[in-house]
Structures are given as structure tokens and as C-alpha cells.
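Scroll down for the structure; my scribbles are underneath it.
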Amino acid sequence: ETCRLYIAKSHFYRDDNPKFGLFAGVDFQQNETLPNPEIGIPLVDIAVGNYVDQDKFELYNAIIQFLEGKVWMSSFAGMQWEGNHTTTLFSPGVATIANHHSGYYNIDWFQPGVLLRERQDGVVEEGKASPGRGAFTNYYNLTMRAAQNIPAGMELFANLGDVFDDDREDLYQDRITRLDYNEAEDILAKIATFMNKYEKEMKGSFQQDVLDFILDTMVEEVGGKRGKVLRSLLPQTPAKVRKAIEAGGAFMYRNQDLVKSIEWLETHGLCVDYLRSGTSTIPHAGRGAFASRSFKEGDVIAPMPMIPILAEDILDMFMITEYTNEDGQVGLTYDRERPIGQQLLLNYAFGHAESSLLMVPTSPMVNLINHAPYPNARILWSSHDHVGFDHGIHDIDFREWNMAEVDPQLVFLLIADRDIQEGEEIFIDYGPSWENAWQEHLIRFDEYLDISGDVWPRRSEDARVEFKNKPYPTDIKRKQIPYPPSSFTACFLETDTVADGEPKDNAEGQEIFQWIGPNSYEDFEGQSLMVCDLQSTQGDETSGYTYTVLTRFKGSPDIVEVKGVPHSAIILLEKPYMSDMHTFGAFRHWIEIPDEMFPQAWRDLRP
Ligand SMILES: C[S@@+](CC[C@H](N)C(=O)[O-])C[C@H]1O[C@@H](n2cnc3c(N)ncnc32)[C@H](O)[C@@H]1O
């Protein structure tokens, strides 16, 4: 069977910083989505502000800085309204294990996949309570796509976004960046056109003279150190110019070692493409991971590189109050006396009762693996050097790991515990403490049923199904609230001023704008999502519905009107702290690492 994604030693691998990377096992065409749509877990209001004690501050600060390198902007998954302060997105799989290259990227987010997702059958039932409500994430279908044609064997590098690159400008001052390469590609293209055109007239060494002249002139034009950098990125002989064009440009020509052969990946890498997502076969468990091929007992189903979280209580959540100091700056107070729960990420983390260390898996689909008391798979510490594993770390207290410099290499292997058929759901044993916690949760849930009955408030996802093809109600005097009480409408808005001759203000004196995009569903981005209030609707079933909406543009206090917003650009989302995962009493427990494999040096809580 073909393996579409491998983990192997990265282009950035160094003996003192053994990084692994993600590689394409097949060709991907530009804009093609990468396999294995993932879940996203919102991290809501995680902050050092949780920990005012000075002795803890440093550790928690280090944890947060480390995590910041692993998370994404919440708007990529349309989850920016989960909380009021700082929400970030953790998405395992491709988004987390692909490295970043300052000079290049070949994958980036395909945002509409999650923003316009439809309900996944059987995960939760509309209007019905379930002990699983709020215990697993409701963000799924997160995919990345090829930003260019990617040949089989190539390492994948993610686009961290222009904002991120701008922030990093200082950091890159001595490095070659994407912008340098872009410039080099432009020059190379011009050189190639010129040389093609005059190839016949230019004999022998004359070609070289002309190339030298072009390079000298261009470098002079750019000037200084950057000019020299640019020259170093460009092929220096006519023959090399031809080769660079064949290789796909200046970057690809200089970095041919980024493309490995499939034989190399098979020998030096591990496949991370043997699991698929689906609705779990266990009631109330949410989604699950299913085998996409058969396994023999003892086979590696997937390697599981783990992200460490050095203190479990960083996931505690508290009531937050805003205050304004004398200088008018707004700050947040985390009220440690008023805990309100724990981050959803806790349910995806592996831990041990005698330790405050948690670890979250990062490879594709493995976060979907559910618990069964008689499982078909188990975890082991990896001894595969393909994924750069450091066993020395077992002997060091985790609070002394040097995370600022080196990513700790913690890798489990998921092993088949018996023969497994293609299509079977994969289970591991989450351990007795998890099982006990779940049983206690079921008892509390029965009490909930006694008091509240088997009902659950409607959610935006329910309404998304209802209004897929039918117009949203826009009656301003709404006697009845047409949407679930926890939800609000948001619109993908790119706008322009109205055409000449049309009214520029409405009856309320609000400025009017015209909706201009994004024109295709593929281009919808979380960044352009704005809270919007639907005022009126035009059109019909055949022509399609459009809406006039009120909104506020980012950073402006004024309400404005936008007309011509199509039905497909409107989405229902949950208000801050109102989605299922914020439910008070929702199930929270980490997955237990078997005692015999949990290192002694990490047991900081041992009595
Ligand atoms: C690591 S996640 C597994 C993926 C999760 N099912 C999802 O849809 O994202 C762990 C969570 O899955 C659910 N879960 C896993 N095994 C379960 C089981 N045997 N019974 C009920 N819920 C289970 C619980 O909510 C648990 O906290």
C-alpha cells in the first residue's frame, strides 16, 4: 500500500539537535489538500497570569513560550471566539510536525475545510445530552494544502504566515529568507528568458560573459550584503542556469537534498499514514481512529512524537477579570480562588499519577485513539532512531530539560497487540485512573439526567444543518430567537465602497459598503470573519440568497452596513465560553502512561 506521509530525519537534523521532519510519500499538485484531516483543540486564555508566585513564574513562562512554537492562530480554524482573551489553536498531525524553513514553504492551511464543516454523523445527537459532550473537540476537518507542486520524497515546510515572518525579521537578519529566494527566482526567470532568446547568437564563452554581466548588474542594483547573498543564490554558469530551471528554480536547485527517494524514506523513515478518522464505534466517545490497512501483531501502527507540558496545572482555568491600571493599560487577573475547569487539551494528554508532566501526541490521527479495556494496540517507548529518540532524557528531572535550546525527543510507538483488520477501530488501554474517572463521570451524568432530562441546548452546528439551503431569518423585531441561544452569525467579509451614484449611507446614517469577496469557497479565511447582524435578505432559491448585514470593521467603533453578502459567506458560531467544551463538569482526565514505562526521575509527585 502507498504511504502518503513519512516521518524521517529532517533537512535540519543536527547531532546536537536531532530534528525529524515530515515528507511527502507521493506527488501533490499545487492546491491539493493533504491527507488525514485533523482535529483542532482550542487553548483558551492560557497565560502566565495564572501563576503569580515568583518561584513558579519562570517555569510557567518557559512552558508557554515552548507551546507558542507549537500552536497556530485560532482564526485558521475559526475558533477566535471560544474565549474573550487569547485563544490559540493546537492541531496535531501535518501542522505540528512539518518544520519551518526560513527560505521556503510548500504547504499552508486550507481554512474553509474547518470553517464550513458539516456535522459528522453520530458524534453527538442534536438536542440530546451525552456524557461525552464537551469532552472532545468539535473542531475537525482541519487540513493543509500544497502551496506548490510537491514531488514525492520532498520534506514539507509549513507557511507560518506573513505576520509571523514579519515578527521574525530580526531573527532572520543573518539568514536567507523567503523574500531573498523570491527575488532570486525573479532574476533567474529573466536570465532564462534572455538566454533562450539569444542562445543562437551567443557562442561559447560569450554566453558566460553575458551571464556574468547580468549577475554583476543585478547585484550592483541591489547592493551591499544583500546583493552578495542574492548572487550566491543564483547559478553562475549557463549550464547551471539550465539545470536550475529544470530543477524548478533557484531554491529547488540549491536544495536538492530536500527531496529524498522513496527507497530512502522506506529505509530511514516511518509511515504516518495508516490511520483514518471516523465516528467511534463506542457510544459517547466522539471520533475515533481506524486502521487503513491490516496489521500483524507487533507491527508499528504509528510513531508518536510527543510534546511535553512540564506542569499539569498550566491547563487549569480560572475566572478572569479585566482591570485598567493607572496608565490606562488593560490587564487580566486570574482568580485562583475560582477555578472553572481545565483545558480540553488535558483529555488528549498522556500523564502519570506520580508526575506533573504531561505529553501530547503530534503525529497524524493518533489523538483520535480511544480507550477500551481490551485494546488491540499499546504504546511503548520508541527505540527507532528514525525519529530521533533520546533515552538519556529518562534519567533527567523534566524541570531541568533545556527546552529553550533543544526540543526534547520523546517518542512512543503505537504497536498492534494482535492482528488487526483494515477498517477496525484502534484502541489502547487508558489505564485504571482514567477508567475510574469515566465511571464517576457517568454517575454524575445520571444525576444530570434526573434533574434536567435527556435534553441539550441547540448548538450552532445544529442550525448550520438547518440553514444550509434555506434562508436565514432576518426579522429585526425578532419575537422569537431564530438561532440557538448560544450562537451568533459571522460573515466572511471583504468589502469595497459602493458604486458612484448609489447611496453611501443608510437611514441610520451608517456608511454602506459592498461585499466583494472572497469569491470562491476555497479562499475563505478565518481572518476575514467578522461578527455580523443579518438585516434583510434578497433573492430566492434559484438565484441564491444575499443579505444586507451590519458589522464593525476591525479596530473601528462604527457600525457599518454591508450589502450583497451571499448565503455561503455566513456562518453560525458559538459565543465565547458557550460551546460544549466550556460546560461546567464536562469530563476531564489525562490518559495514563503504563507504570512500568514511566521513568523514576520524572515522578515529582511521589509521596
Ligand atoms: C484522546 S481523546 C480521543 C479522541 C476523541 N474521541 C475525539 O473525538 O476527539 C480522549 C477522549 O475521548 C473520549 N473517549 C475515549 N475513549 C472512550 C471510551 N471508551 N468511552 C467514552 N469516551 C471515550 C473521552 O472523551 C476522552 O476524554
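The values are calculated or read from the model by the stated rules, or taken from the named source; none is laboratory data. None of the values given here were measured: they were computed from a predicted structure. A quick note on method: Cβ atoms are made from the backbone with ideal geometry, for glycine too, and the neighbour counts reach across all protein chains shown. The accessibility values were calculated without ligands, DNA or RNA, using every heavy atom of the protein model including side chains. Shrake-Rupley method; radii C 1.70, N 1.55, O 1.52, S 1.80 Å.
Run down Val411, Val360 and say which single residue is on the phi < 0 side of the Ramachandran plot, touching a Leu at 6+ places or on another chain (Cβ under 7 Å) and either within 16 Å of the ligand (Cβ to nearest atom) or open to solvent by less than 10 Å² (accessible area, probe 1.4 Å) (or both).
Values: Val411 fails: touching a Leu at 6+ places or on another chain (Cβ under 7 Å).
The match here is Val360.
Inside segment 550-575, can you point out the residues that are within 30 Å of the chain's Cα centre (by Cα), open to solvent by less than 40 Å² (accessible area, probe 1.4 Å) and either of a type outside the set (Ser, Thr, Tyr) or not assigned by TED's automatic domain parsing to the domain that holds Ile516 (or both)?
Within segment 550-575, Val565, Pro566, His567, Ala569, Ile570, Ile571, Leu572, Leu573, Glu574 meet the criteria.
Taking the criterion of being touching a Pro at 6+ places or on another chain (Cβ under 7 Å) and either over 18 Å from Met581 (Cα atoms) or not assigned by TED's automatic domain parsing to the domain that holds Leu34 (or both), would at least one residue in segment 329-344 satisfy it?
Checked segment 329-344: no residue is touching a Pro at 6+ places or on another chain (Cβ under 7 Å) and either over 18 Å from Met581 (Cα atoms) or not assigned by TED's automatic domain parsing to the domain that holds Leu34 (or both).
Checking Gly69 against (1) under 22 Å from Ser91 (Cα atoms); (2) in contact (Cβ under 8 Å) with a residue 60 or more places away in the chain, which single condition isn't satisfied?
In the conditions (1) under 22 Å from Ser91 (Cα atoms); (2) in contact (Cβ under 8 Å) with a residue 60 or more places away in the chain, Gly69 misses (2) alone.
Just for segment 333-351: of the residues that are more than 21 Å from the chain's Cα centre (by Cα) and under 21 Å from Phe90 (Cβ atoms), which one is least open to solvent (accessible area, probe 1.4 Å)? Talk me through it step by step, then tell me what you get.
Within segment 333-351, the first condition is being more than 21 Å from the chain's Cα centre (by Cα), and the residues that meet it are 333-341, 351.
Those left that are additionally under 21 Å from Phe90 (Cβ atoms): 334, 340-341, 351.
Details: Tyr334: 22, Ile340: 67, Gly341: 34, Gly351: 1 Å².
Here the answer is Gly351.
Please go through segment 591-607 and pick out each residue that is assigned to a strand (DSSP E or B) and open to solvent by 30 Å² or more (accessible area, probe 1.4 Å). Give the steps one after another, and end with the answer.
Filtering segment 591-607 down to residues assigned to a strand (DSSP E or B) leaves 591-592.
Passing the criteria: only Glu592.
Can you find a residue in segment 207-223 that is in a helix (DSSP H, G or I), out of contact with any Lys or Arg (no Cβ under 7 Å at 6 or more places or on another chain) and crowded, with 19+ Cβ neighbours inside 10 Å?
Taking segment 207-223 and keeping what is in a helix (DSSP H, G or I), we get 207-222.
Among the residues that remain, those that are also out of contact with any Lys or Arg (no Cβ under 7 Å at 6 or more places or on another chain) are: 207-214, 216-218, 220-222.
Now drop any that are not crowded, with 19+ Cβ neighbours inside 10 Å, which leaves 211, 218.
Yes; the residues of segment 207-223 include at least one that is in a helix (DSSP H, G or I), out of contact with any Lys or Arg (no Cβ under 7 Å at 6 or more places or on another chain) and crowded, with 19+ Cβ neighbours inside 10 Å.
Only one of Ala499, Ala490 is open to solvent by 30 Å² or more (accessible area, probe 1.4 Å), out of contact with any helix residue (DSSP H, G or I) (no Cβ under 8 Å at 6 or more places or on another chain), more than 16 Å from the ligand (Cβ to nearest atom) and of a type in the set (A, V, I, L, M). Can you tell me which?
Ala499
Given segment 275-340, what strands (runs of 3 or more DSSP E) lie entirely inside it while holding 1 or more residues that are within 13 Å of the ligand (Cβ to nearest atom)? Write out each step before concluding.
On the way: elements: 275-279, 287-291, 300-309, 316-324.
The strands (runs of 3 or more DSSP E) meeting that bar are 275-279, 287-291, 300-309.
Looking at Glu435, Glu354, can you tell me which residue is out of contact with any strand residue (DSSP E or B) (no Cβ under 6 Å at 6 or more places or on another chain), surrounded by 13 or more Cβ atoms within 10 Å (Cβ to Cβ), touching a residue at least 24 places away in the same chain (Cβ under 8 Å) and not assigned by TED's automatic domain parsing to the domain that holds Asn84? Let's see the steps before the verdict.
Values: Glu354 fails: not assigned by TED's automatic domain parsing to the domain that holds Asn84.
Residue meeting the stated conditions: Glu435.
Go through the residues of segment 576-586 one by one and say whether even a single one is open to solvent by 30 Å² or more (accessible area, probe 1.4 Å), in contact with a helix residue (DSSP H, G or I) (Cβ under 7 Å, 6 or more places away or on another chain), part of a loop (DSSP other than H, G, I, E, B) and outside the structural domain of Ile396 (by TED's automatic domain parsing).
yes
Look at Pro375 and say whether it is without any contact (Cβ under 8 Å) to a residue 60 or more places away in the chain and either surrounded by 17 or more Cβ atoms within 10 Å (Cβ to Cβ) or farther than 27 Å from Phe12 by Cβ (or both).
Details: without any contact (Cβ under 8 Å) to a residue 60 or more places away in the chain: yes; either surrounded by 17 or more Cβ atoms within 10 Å (Cβ to Cβ) or farther than 27 Å from Phe12 by Cβ (or both): yes.
Considered against the rule, which asks whether it is without any contact (Cβ under 8 Å) to a residue 60 or more places away in the chain and either surrounded by 17 or more Cβ atoms within 10 Å (Cβ to Cβ) or farther than 27 Å from Phe12 by Cβ (or both), Pro375 comes out as yes.
Working carefully through the options Ile451, Ile443, Ile428, find the one that is open to solvent by 80 Å² or more (accessible area, probe 1.4 Å), of a type in the set (A, V, I, L, M) and within 16 Å of the ligand (Cβ to nearest atom).
None of the others qualify; the one that does is Ile443.
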